[in-house]
Amino acid sequence: MTKRTSSGEPLTFPAGFTWGAATAAYQIEGAPDADGKGPSIWDTFSHTPGKVRGGDTGDIACDSYRRYREDADLIRSLGLAAYRFSISWPRVFPEGAGKVNQAGLDHYRALLDALGERGIAAAATLFHWDLPQGLQDRGGWAARETALRFADYAGVVGEALGDRVTRWITINEPLVVSHNGYRIGVHAPGLRDDAAAAAATHHLLLGHGLAAAALRTVIPASAEVGITLNLTPVLVAPTADGAADGAATALEQARLITDATANGIFLEPLLAGRYPAHAPADILPPAELIADGDMEMIAAPLDFLGVNYYQPVHLRPGDPDHLGRDEEPALPGIRGVVAYRPEGMEQTPMGWLIDPDGLYELLVRLAKDAPDLPLFITENGCAAEDYVTPEGVVYDIERIKYLHLHLDAVARAARDGANLSGYFVWSLLDNFEWAYGYQKRFGIVFVDFGTQRRIPKASSAFYADVARANAVPPLPTEWPTLRDKPDTVRYKGTGPTRGWRVRPVRRDPRLAGWFAPTGEDVGTQASSSVSGDPGPAPVLWRPRRPVRCCARHLAPEDLARRDAARPCWPGRRP
């Protein structure tokens, strides 16, 4: 059950806390071959039949390569101080190495100038999964050469853009790269090779160390360098009184192995210069891959650690051969213990547990393991079943609840000693969600992919208000539901009128402060709430008539316009 703050007691964040939003190049940019860009492994993977849901690709995505100024206006309209984006390696080195593509550097220089003109600090990620295909053809991260070429790329980018970037992130979620991309094959490059995954683990870490060293030789001393890990707290159910000692021992051993697999395999080399003792042998890099000086390079001091958090793992005693409801096997080889979903705990549309206390426990643990290391939440957010109402707004109360719970957890952790410096919501925009294609929407801004219109959701106003106040309001004693959305809610008809319809509903007082007034542009309201004078807010978009994002979302009264509706999924093949 979620721990909650006292009623009427907002929690404040540390002075100077950074509030921002995050994106990644392949997920938003589009323009896969514009201005000399080379192919990435995600270009190849997404165009391979059966790899991405519905045949979706990132060929257009949010078209942010051309619309970056509009996106910068959105960030400013929300009053956010920072933007985390990633640089596409094959835009700078089309083949991964060799000749620099100056047009690629010029694009990111223009993006950084647009951010600077709007007073937005840049947090640049060098690698967010879009490895140049040319390097993958030579072994990818399973080959040591890729780590060396990554350092070359970091040095070039740092020298060209270093005067405009406040914070550098070398690699985003290396665990996902090695596991999803090289071990189980659900992400690019789509390999299922344990040996390649183990080698990729070491070379990703080595690439981080080499890139960080290369950056520090060319960027200003005031710029910070770190790495972002997706961390998964491992939480165990308390054993019942009188339980056998063997059950408690098995549970603790399972916790250690699971934690080493999910967290320690990357965190321990970075903080302590060694691989975790409890990691399964098949995920550890073989000794012959680890050259003299590698671990020292990997463990060079960080200026900060980026933390991506989405859900924890819960373990309890159980029989993996006879699973109960909401149980699944723990890691291979673990006996007498199962993973489970706590009763009553909600899930996102991704099937991920909504457990803000897991985030609190993670941050408190990191404060103990590395008390002097500044922490940034570099990703946290949820997918939701978002849609545009006839008034042209998106009331994503599920996301507001998620953010409210997790921001409360972050504030509690900061109060209890975690060295927290900032929070970046994932994501600024709905985008290409990797193997899920365009099915899952994570943005606080709705993107109509057919028209590329950006529509700030209700969650963007909530998040902007938290950022403005540098405090999160107390959690409500009762949460609003879908029925409590202001003015309208959609329901599903039956029979010949089957389809989404809209009916009026009462305005619930529990929603006070969660939504912009009816008819008011959410982005404009968020901008007007920022302390000081932010200047005029950009006109984001206000529809002139009821909006539907694609033909399959049309209400019956819109069927006459069905043929004129534009498809909302770019890059989909028939």
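The values are calculated or read from the model by the stated rules, or taken from the named source; none is laboratory data. Quantities reported herein were computed from a predicted structural model and do not represent experimental measurements. Note that we place each Cβ from the backbone using ideal geometry, even for glycine, and neighbour counts take in every protein chain shown.
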Does segment 62-71 contain at least one residue that is surrounded by fewer than 24 Cβ atoms within 10 Å (Cβ to Cβ), of a type in the set (F, W, Y) and closer than 25 Å to G422 by Cβ? yes
Of all residues making up segment 463-484, the number that are over 18 Å from E9 (Cβ atoms) and not in a loop (DSSP other than H, G, I, E, B): 7
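So which of A367, A411, A435 is among the small types (G, A, S), farther than 30 Å from G16 by Cα and over 13 Å from the mean Cα position of the chain (by Cα)? Don't jump to the end; show me each part of the working.
On the way: A367 fails: farther than 30 Å from G16 by Cα; A411 fails: farther than 30 Å from G16 by Cα.
Exactly one residue qualifies, and that residue is A435.
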Kindly provide the set of residues from segment 125-141 that are surrounded by fewer than 24 Cβ atoms within 10 Å (Cβ to Cβ) and small (G, A, S), ordered by number. G134, G139
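May I ask you to list the residues in segment 266-304 that are part of a helix (DSSP H, G or I) and closer than 23 Å to W168 by Cβ? Spell out the reasoning first.
First, the residues of segment 266-304 that are part of a helix (DSSP H, G or I): 266-272, 281-283, 287-289, 294-298.
Matches in segment 266-304: F266, L267, E268, P269, L270, L271, A272, D294, M295, E296, M297, I298.
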Inspect segment 35-57 for any residue being crowded, with 18+ Cβ neighbours inside 10 Å and of a type in the set (K, R) and give the result as yes or no. yes
Determine if segment 226-233 includes at least one residue that is part of a helix (DSSP H, G or I), touching a strand residue (DSSP E or B) at 6+ places or on another chain (Cβ under 9 Å) and either at pLDDT 95 or above or surrounded by fewer than 23 Cβ atoms within 10 Å (Cβ to Cβ) (or both). no
Among the residues listed as T12, T57, the single one being within 29 Å of Y309 (Cβ to Cβ), polar (S, T, N, Q) and out of contact with any strand residue (DSSP E or B) (no Cβ under 8 Å at 6 or more places or on another chain): T57
Within segment 3-34, take every residue that is more than 17 Å from F127 (Cβ to Cβ), surrounded by 14 or more Cβ atoms within 10 Å (Cβ to Cβ) and hydroxyl-bearing (S, T, Y) and give me the one that is modelled with the highest pLDDT. T18
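Quick one: which residue in G50, G54 is modelled with pLDDT of 95 or more, part of a loop (DSSP other than H, G, I, E, B) and either of a type outside the set (S, T, Y) or more than 22 Å from the chain's Cα centre (by Cα) (or both)?
Values: G54 fails: part of a loop (DSSP other than H, G, I, E, B).
Only one candidate qualifies: G50.
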I'd like the full set of residues that are in a helix (DSSP H, G or I) and in contact with an Asp or Glu (Cβ under 8 Å, 6 or more places away or on another chain), limited to segment 57-71. S64, Y65
